[in-house]
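Participant: Here you go, one structure.
The values are calculated or read from the model by the stated rules, or taken from the named source; none is laboratory data. Because the structure is a prediction, the values reported are computed rather than measured. Counting neighbours? That spans all protein chains shown, and the Cβs are built from the backbone with ideal geometry, glycine included. Each accessible area value is taken on the protein alone, full model and side chains, heavy atoms only, with ligands, DNA and RNA left out. Shrake-Rupley method; radii C 1.70, N 1.55, O 1.52, S 1.80 Å.
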Amino acid sequence: MHTWRRSLTAAGIHDPELRDDYGEARRLVARFRRSSYLAARLLLPPSVLPHVVAATAVMHHGDNLLDTGPKPQRTAAWTSWEQGVRKALETGVSDDPLIRTLAHTVATYPRLKEAVEEYLSTAVAELEFTGFASETDYQAYVDAYSLPAFLLVAVLLGPEDDEIAEVDGGRYRAMCRTLIDGSQRLDFVNDLAEDVAEGRSGIPARTLARFSVTPADLAAGRESPGLRLLVEHEVRAARAALETARDLPVRVSPPGRALLKAFVEIELLTADAALTRGPALLHGPASPPLPATLRVLWHARRTARSIGR
């Protein structure tokens with residue numbers, strides 16, 4: 001906790017209530033994905049950490065609202081949240097602690113406002129998601145939901161003078177899209193068991209058919225002959241995008257470079273683990289091996305120190 005308090009002070013967050021708000025965001029992120037929070041805490045400068053935590057908390061909270069419960073409940077919850085965020089972006093005032101942290105972070109990093117507005121405008125793609133008919137549908141989902149959500153964090157780490165909006169020459173955004181394409185595809189194949197249990201799959205129906213895998217096979221947990229080939233196809237496609245995204249950290253300002261590099265390398269370790277697990281992904285996800293993950297973080301920590309975090 002002492003390290004976190006020092007980070008709040010380094011980030012210029014002195015108001016006691018606002019410090020408590022950022023603490024709520026920290027707890028949400030640590031609860032949702034503790035390993036990611038620990039990596040950020042290890043690799044980011046203290047002055048940046050609270051703002052990245054706040055943006056990540058907004059992303060996770062929004063994902064939870066869009067995913068949890070019957071559709072009418074999800075729709076109502078998301079609409080209320082979206083209206084609250086938009087009002088806070090205009091006024092800087094909110095009764096919601098998480099929205100207050102976002103408003104403060106946007107005030108500190110004005111370039112984040114455009115990313116938040118894009119995310120709010122397109123996130124309903126997740127609300128409507130029931131699966132994909134084709135690869136084209138999957139790519140549209142990446143553009144509409146996965147990329148805008150990722151940019152909530154990526155815009156805080158990226159070069160301040162690069163164009164994040166969707167225009168020609170947005171090299172950083174394009175590379176972020178390559179990364180999130182690989183990461184999202186990997187998530188869909190690695191989370192196959194969870195998604196199938198919820199009655200949907202993130203692997204397009206035409207891709208399933210290409211490998212003679214049916215939704216009934218997946219629902220029954222049947223490791224059909226084509227399933228191993230299907231998993232290999234999806235993981236290798238994800239891995240190709242992630243390997244290309246290894247160029248992303250060199251486009252990032254020094255404070256975020258080590259974290260993004262570690263993220264890419266850990267995703268590649270996860271891809272290797274998923275490839276090894278193969279058809280058994282129908283019964284649960286693969287995880288990157290702990291020793292290799294720790295090595296990645298150790299090297300990233302050395303990099304962070306060498307560039308003056």
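Participant: Taking the Cα atoms only, what angle lies between the long axis of helix 34-43 and the longest principal axis of the chain, rounded to 10 degrees?
Facilitator: For 34-43 against the chain, the angle is about 50 degrees.
Participant: On C-alpha positions alone, give me the angle between the axis of helix 254-277 and the longest principal axis of the chain, in degrees, nearest 10.
Facilitator: For 254-277 against the chain, the angle is about 20 degrees.
Participant: About the Cα centre of the stretch 12-117, what is the dipole size in debye to 20, counting +1 per Lys and Arg Cβ and -1 per Asp and Glu Cβ, all else neutral? Don't skip to the end; give the middle numbers.
Facilitator: On the way: 14 positive and 13 negative charges, 85 e Å.
Computed about the Cα centre, the dipole is about 400 debye.
Participant: Another one. Quick one: pull the percent of accessible area on the stretch 86-154 belonging to carbon and sulfur, 1.4 Å probe, ligands and nucleic acids left out. Write out the running numbers ahead of the final one.
Facilitator: Details: 1560 of 2850 Å².
Roughly 55 percent, rounded to a whole number.
Participant: May I ask for log10 I(q)/I(0) of the chain at q = 0.14, 0.15 Å⁻¹, from a Debye sum over the Cα atoms as equal point scatterers with solvent left out?
Facilitator: The computed values of log10 I(q)/I(0) come out as -1.13, -1.29.
Participant: What is the distance in Å between the Cα centroid of the stretch 227-287 and that of the stretch 107-146?
Facilitator: Value for the Cα centre distance between the two parts: 21 Å.
Participant: While we're on this one: Starting with the highest mean, order 218-226, 184-192, 105-113 by the number of other Cβ atoms within 10 Å, averaged over the residues of each peptide.
Facilitator: Values: 218-226: 14.8, 184-192: 22.2, 105-113: 17.1.
Packing order, densest peptide first, comes out as 184-192, 105-113, 218-226.
Participant: While we're on this one: Along the charge dipole of the chain, pointing to its positive end and built from +1/-1 on Cβ of Lys, Arg, Asp and Glu, which listed residue (V142, L269, V235) has its Cα farthest out?
Facilitator: Sorting the options by dipole projection puts first L269.
Participant: Still on this structure, I have one more. In percent, what relative contact order does the chain have, based on Cα pairs under 8 Å that are 6 or more apart in sequence?
Facilitator: On the way: 405 pairs, mean separation 51.9, N = 309.
17 percent.
Participant: Here is a further query. May I ask you to give the percent of accessible area on the stretch 184-309 that is carbon plus sulfur, with a probe radius of 1.4 Å?
Facilitator: Details: 3360 of 6190 Å².
Carbon and sulfur atoms account for 54 percent of the accessible area of the stretch 184-309.
Participant: Now a separate question. Given R₀ = 25 Å, FRET efficiency for T75-S134 by Cβ-Cβ distance, to 0.05?
Facilitator: Working: r = 26 Å, r/R0 = 1.03.
Rounded to the nearest 0.05, the efficiency is 0.45.
Participant: How large is the accessible surface per residue of the chain, computed with a 1.4 Å probe and reported in Å² as a whole number? If you can, show how the numbers build up before the last one.
Facilitator: On the way: 14440 Å² over 309 residues.
I get 47 Å² per residue for the chain.
Participant: Here's another thing I want to ask about it. For the ranges 279-288, 86-95, what's the packing order if you count other beta-carbon atoms within 10 Å of each residue, average per peptide, and put the highest first? Walk me through the intermediate numbers first.
Facilitator: Values: 279-288: 17.6, 86-95: 13.5.
Those peptides, ordered most packed to least, come out 279-288, 86-95.
Participant: S80 accessible area, nearest 10 Å², 1.4 Å probe?
Facilitator: 80 Å²
Participant: What's the FRET efficiency of A292 with E117 using the Cβ-Cβ distance as r and R₀ = 30 Å, to the nearest 0.05? Working shown, then result.
Facilitator: On the way: r = 39 Å, r/R0 = 1.29.
Computed FRET efficiency for A292 and E117 comes out at 0.20.
Participant: Follow-up. Among 232-240, 47-55, how do they line up from the highest to the lowest mean number of other beta-carbon atoms within 10 Å?
Facilitator: On the way: 232-240: 19.0, 47-55: 26.0.
Descending mean neighbour count gives 47-55, 232-240.
Participant: Same structure again: Against the longest alpha carbon principal axis of the chain, how many degrees, from 0 to 90 and to the nearest 10, is the axis of helix 16-32 turned?
Facilitator: Approximately 10 degrees, to the nearest 10.
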